[in-house]
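Inspection log for the structure reproduced underneath, given as structure tokens.
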Amino acid sequence: MFEKVLIANRGEIALRIHRACKEMGIRTVAVHSSADADAMHVRLADEAICIGPPQARDSYLNVQAILTAATITNADAVHPGYGFLSENADFAAMVEEHGFAFIGPAPEHIRLMGDKIAAKRAAQEAGIPVVPGTEGAVENEEMALQVARDIGYPVLIKATAGGGGRGMKVAASAAELPGALATASAEARAAFSNGEVYLEKFLAKPRHIEIQILADMYGNVVHLGERDCSLQRRHQKLVEEAPSPALNADERQRIGQTVVEAVRTIGYRNVGTVEFLYEDGEFYFIEMNTRLQVEHPVTEMICGLDLVREMIRVAAGTPLGYEQKDIRFSGHAIECRINAEHPETFMPSPGRVGDYHAPGGLGVRVDSGLYSGYRVPPHYDSMIAKLIVHGANRNECMMRLRRALGEYVIDGLETSIPLHQRLMAEPTVINGAYDINWLETFVGGGH
Ligand code: ADP
């Protein structure tokens, strides 16, 4: 087992990783920007090294500085968290070339899943259902028109190098297709220096359902059920829950099994999430995330596993030690992402935290580095806390979540807590009857 892990991240996830390490008797190294010197995980880590100025490109994305920090602290392994360098295949490879373990998948799998067309092809070959569309990139207008005619309108044009919903355009008819192709391609070229696009059927009212998998180095793979992340604004997830109110046990078992077999086929290791759109009883692959996800706690709450601990164990070469039949799901969990932003205008609201009181009690978990007097820096993502609640069933979970949201005090900043309170009182949310477009309509786009 590792003796020392370097945490190449910040915020709540850095603290989350630190906690898992401590419980395993592993020492931690925090690397941080000059803006994060007072962060909770920096205070708690066994060692801390400042790796650069506030801007992420000079600190949390500074590969040389991070590798140097790992070398001088004599770390055995690097955990990348999510965001920043977590899905950078070159970084994972460099970590390994420098003699450290990368706590995540192999670089070749990160690379494969980072290319959307290659990922879709690999998924399809491994038996995962995908959205009907072009086999690869759109080569010319005639080809696009032909495929669109075969699958039926509306169709969606997506950038091969895509991310964050950029370079996506819907075409409702053949008349709209050439214009949409040109716009999507131009947008993709501007955003990713790569204008290549592909085309697929546009799903009008899908849910976002993702399957969590865990694999060791010896071909043992399990799935840990699904998460429903359909409450999104601008493709950003706001609330996640497990299990999905839309799936029955049979559907869960089938899609889980399909994903497990596919993951075993490609020889994937560590954690990963296969994301699907789900409509009218069918699953359609959209992408695979080759890292720990923000919303992993809802899975932990219903299956009683510490995912970061499992990541560290398998990265150190320990076999899983359990099989699918040993994974037991219990109750229901919901996570609310709490951002430092205005609950109606969504304007960022960094600054100094005044009074701070986190909720507690049975089944309540808060993943956050906040404390009274902490200054939320303006340089990074606005998420400052995750409130995760577990209950014996969905109703108990929601009652408890309303209670916990009511207790949460974060003075001095605008936060999304009032928005979560509105959501948890909303019949559509209570009934679990939303699709991925619902929240956007509910908040009115936020401007
Ligand atoms: P990105 O990498 O840009 O986030 P994704 O492929 O993950 O791109 O898609 C982002 C979002 O776009 C999805 O979460 C979903 O909301 C929407 N989307 C993607 N593909 C489709 C589709 N075929 N039909 C309808 N919506 C889609």
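The values are calculated or read from the model by the stated rules, or taken from the named source; none is laboratory data. All figures in this text were calculated on a predicted structure; none of them were measured in a lab. Cβ: placed from backbone, ideal geometry, glycine included. Neighbour counts: every protein chain shown.
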Residues of the range 349-373 classified as within 25 Å of the chain's Cα centre (by Cα) and surrounded by 17 or more Cβ atoms within 10 Å (Cβ to Cβ), total: 11
Hits in the range 159-173 (condition: more than 7 Å from the ligand (Cβ to nearest atom) and closer than 22 Å to Arg111 by Cβ): Ala159, Thr160, Ala161, Gly167
Some residue of the range 249-261 being of a type in the set (Asp, Glu) and closer than 24 Å to Ile388 by Cα: no
Among (1) within 13 Å of the ligand (Cβ to nearest atom); (2) in contact (Cβ under 8 Å) with a residue 60 or more places away in the chain - the single one Ile211 does not satisfy: (1)
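Quick one: in the range 421-442, which of the residues that are within 13 Å of Glu344 (Cα to Cα) and of a type outside the set (Asp, Glu) is nearest to the ligand (Cβ to nearest atom)?
This residue is Leu439.
Checking the condition in the same structural domain as Glu241 (by TED's automatic domain parsing), within 15 Å of Ala242 (Cβ to Cβ) and within 13 Å of the ligand (Cβ to nearest atom), which residue from Val298, Val274 passes?
Answer to the check: Val274.
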Residue satisfying all of: in the range 11-64; surrounded by 19 or more Cβ atoms within 10 Å (Cβ to Cβ) and among the acidic types (Asp, Glu); nearest to Arg375 (Cα to Cα) among these: Asp36
Failed criterion for Gly219 (all others in (1) surrounded by fewer than 16 Cβ atoms within 10 Å (Cβ to Cβ); (2) touching a residue at least 40 places away in the same chain (Cβ under 8 Å); (3) away from the ligand (no atom under 12 Å from the Cβ); (4) not assigned by TED's automatic domain parsing to the domain that holds Leu439 hold): (4)
Among residues of the range 369-407, those that are farther than 21 Å from His332 by Cα and touching a residue at least 24 places away in the same chain (Cβ under 8 Å), counted: 14
Members of the range 222-256 found to be within 25 Å of Asp381 (Cα to Cα) and either among the aliphatic types (A, V, I, L, M) or more than 15 Å from the ligand (Cβ to nearest atom) (or both), listed by number: Leu231, Leu238, Val239, Glu241, Ala242
Selected residue [more than 14 Å from the ligand (Cβ to nearest atom), free of Cβ contacts under 8 Å to residues at least 12 places away in the same chain and in contact with a strand residue (DSSP E or B) (Cβ under 7 Å, 6 or more places away or on another chain)] from Glu176, Glu96, Glu139: Glu96
Check on Gly164, outside the structural domain of Val308 (by TED's automatic domain parsing), on the phi > 0 side of the Ramachandran plot, touching a helix residue (DSSP H, G or I) at 6+ places or on another chain (Cβ under 9 Å) and not aromatic (Phe, Trp, Tyr): yes
Members of the range 103-118 that are over 17 Å from the mean Cα position of the chain (by Cα) and among the aliphatic types (A, V, I, L, M): Ala106, Leu112, Ile117, Ala118
